[in-house]
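To keep things clear, I will list the structure first and then write my remarks on it.
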Amino acid sequence: MSNEKPKADKAPIHRRDNSGHLDPKYAADLDARRKAAGGKDDNQAFLGGKASSKDDLAQELGENFVKTAISGEDGIDDDLDQVVAEESGGPFIETSGATEFADGEDASNPKGAKREPFPTT
């Protein structure tokens, strides 16, 4: 066995203070490294520039997630319980006969067409 003393480790890197905040020198070093590596900060995170959806429900749920993450309050029930234009009238809407029934002949029932007999089978 050798009587060599183990080499002393380097001094630990001071990254955070006792309250958990980043050391300003370390934060500046990280930012400089990101800029040197060609990092682009466009504030789009993982969305890749597309921050909306064509699906209304997906858009609503995404917006609610961001609202909840920022404020800490869950408001999805209030948002989904709002009355929207599509709900006006429901499945039954009272209209006049003139609105519901067509006048005259249409292309599938021309004026000179032969009338088919009543089906007997």
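A few points about this structure:
- Criterion: surrounded by 10 or more Cβ atoms within 10 Å (Cβ to Cβ), out of contact with any helix residue (DSSP H, G or I) (no Cβ under 7 Å at 6 or more places or on another chain) and in a loop (DSSP other than H, G, I, E, B) - qualifying residue of E94, E63, E105: E105
- Screening the stretch 67-121 for residues that are of a type in the set (A, V, I, L, M) and under 33 Å from the mean Cα position of the chain (by Cα) and picking the one that is farthest from L57 (Cα to Cα) gives I70.
- Candidate set from the stretch 32-52 (those that are over 29 Å from the mean Cα position of the chain (by Cα) and at pLDDT below 85); member that is surrounded by the most Cβ atoms within 10 Å (Cβ to Cβ): K35
- All positions within the stretch 17-29 that are exposed (fewer than 12 other Cβ atoms within 10 Å of the Cβ) and at negative phi: D17, N18, S19, H21, P24, K25, A28
The values are calculated or read from the model by the stated rules, or taken from the named source; none is laboratory data. Source: prediction; values computed, not measured. So basically every Cβ, Gly included, is an ideal-geometry build from the backbone, and we count neighbours across all protein chains shown.
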